[in-house]
Structure formats: structure tokens, C-alpha cells
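Novice: Below you will find the structure I want to go over with you.
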Amino acid sequence: AILNKYPHKKVFISSNKLSIEQVLWAQNTLLSQEKCIVNDGKIRIGYFSGSHSHNNDFNVIAPILAEIMSENNNVILMIAGFLNIGKYFGSLSDQIEYYDFVPMRKLPQLILRSDINIAPLEIDNPFCQAKSAIKFFEAGLLKVPTVATATEPFKSEITNGEDGLLANDNNDWKNHLMFLIQNEKERLLMGENAYNTTHQKHVIQNIEEPSELVEFIKSRLR
């Protein structure tokens, strides 16, 4: 509605994509995956936080995660980066692994340690509705399936039930996570599908920007 007030302004949408470097880091990690994967029979749910602003996002599912972990002692919560996990995990410290914030080139090594990637967001928060589905792409490069809040960006990128799972509420979060925890075959298949989707649609060297956008940028550089 605001943009309609400025009809002379050009507006383009350029979706988030993964760089060539990110793809190479992921490929190298997959080639040496035996150094990253922990074969101890545990199922690891990974949350990879880039800033303190993710505290509110994580709180959306903290009680659900705590409930799942208390009912399934083979489930491990991986926390990487900046995060205050809140009050729900006091008795579950043995089922939590903490990892320091790392440079982007090392992030694939952490993601590959996880079996399930989660991307919770405050679904009614306009700022969160504007966040891209980058967490789905990053995990997809490593064949790790993602459960994400069903914001518009994630709904536009994930085919629910095929290459990822979308959660609208707490029931969805619990059901989706338990489905992946209990079904290794489906978990691996969804990870493969996420890998294919990411390479086909979200890697910068495989995607051409709309010609109108390219021409507009060129005109401004002349």
C-alpha cells in the first residue's frame, strides 16, 4: 500500500540465494562427512542462531522441544551461536549440546551433525514474515531436512511433506518433529529432496535474475 503512493518508483523482488562459496563449503563437508556425523544412535535437532534476536523465535517452540526431549531420551538439542534457551530445559541439560558461533565457512560442519534442522519464527510478527527461507537452503545443501514455521517465505520455498515440513501451530511442531524422529527412511528421503530443491532453485549460479532487474541495474551503472 505504501509503494502505491510512489508509482514512478521501480520495485523488484530478488529472492535470497546461496553463493558459489557456500555450495563449495557444503560439498567439501559432505565429502568428509565421517568427520562430522556422530554415530551414537541419538537424534539431533539443530538450531543455528546468528544473532541474539533469535531468542524470541526459539521461544515459540521451546516448550514443545522440552516435552519431546523429556519423552524421548535419545533426542539431543544442538544449539549453535547466540541463544538464551529459556526456562524449559532445566532437567534436560544432559540432552543439550552447545556450540560456539562459527564463521559461515564452518557452519556446514555443524549442520551436518544434526539429523533435523528447525527454523521457528513468530508467525504473527511482520518482521519474521519478511525473513527469507535461508535456513532451509543452508540445511538442504547438507541433505538435512527442515521443519519451519509456515511464514510466507517458507511456504513459497518448501513443498510440505516432500522437501520439508511447515508448522502452523504447536500441534504441527510436535507431530512433524516426532514423525522425523521416528522415521529414519522418511527423514533421509526428505533431506535428499531438500538437497535437490536447493540446488535447482536456490543456488546463485543456477538462477538468472529477471532481465528487467538486470537492465535496470545496468542503467544505473552507466
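Novice: How far apart, in nm, are two points set 7 Å out from the Cα along the Cα-to-Cβ line at Lys5 and at Asn170?
Specialist: Modelled inter-label distance: 4.0 nm.
Novice: If the only charges are +1 at each Lys and Arg Cβ and -1 at each Asp and Glu Cβ, what is the size of the charge dipole of the chain around the Cα centre, to the nearest 20 debye?
Specialist: Its charge dipole is roughly 840 debye.
Novice: Using only C-alpha positions, report the orientation-averaged shadow area of the convex hull of the chain, nm², one decimal.
Specialist: 13.9 nm²
Novice: Near the amide H of Tyr99, under 5 Å away, which other amide H atoms are found, from residues 5 or more places off or on another chain, if H is placed in the peptide plane?
Specialist: Ile79, Ala80, Gly81
Novice: Taking amide H positions as placed in the peptide plane 1.01 Å from N, state which residues far from Thr149 in sequence (5 or more) or on other chains have amide H under 5 Å from it.
Specialist: Under 5 Å from the amide H of Thr149: Ala119, Leu121, Ala167.
Novice: Report the calculated FRET efficiency for Ser93 and Met178 (r = Cβ-Cβ distance, R0 = 22 Å), to the nearest 0.05.
Specialist: According to the calculation, E is roughly 0.50.
Novice: Quick one: if you stick a label point 7 Å off each Cα along the C-beta vector at Glu34 and Glu215, how many nm between them?
Specialist: Taking the simple label geometry, Glu34 and Glu215 are separated by 5.4 nm.
Novice: I've got another one for you. Could you name the aspartates and glutamates in cross-link range of Lys201, using Cα to Cα under 18 Å and dropping any fewer than eight places away on the same chain?
Specialist: Output for Lys201: Glu21, Glu138, Glu152, Glu157, Glu162, Asp163, Glu192, Glu209.
Novice: Report, in listed order, any pair from Lys10/Lys143; Lys10/Lys106; Lys42/Lys185; Lys10/Lys131; Lys17/Lys218 with a Cα-Cα distance greater than 27 Å.
Specialist: Numbers: Lys10/Lys143 37 Å; Lys10/Lys106 38 Å; Lys42/Lys185 15 Å; Lys10/Lys131 22 Å; Lys17/Lys218 20 Å.
Checking Cα-Cα distances, Lys10/Lys143; Lys10/Lys106 exceed 27 Å.
Laboratory data are not the source of any read-out in this text; all were calculated from the coordinates shown. Since we're looking at a predicted model, the values are computed, not measured. So basically every Cβ, Gly included, is an ideal-geometry build from the backbone, and we count neighbours across all protein chains shown.
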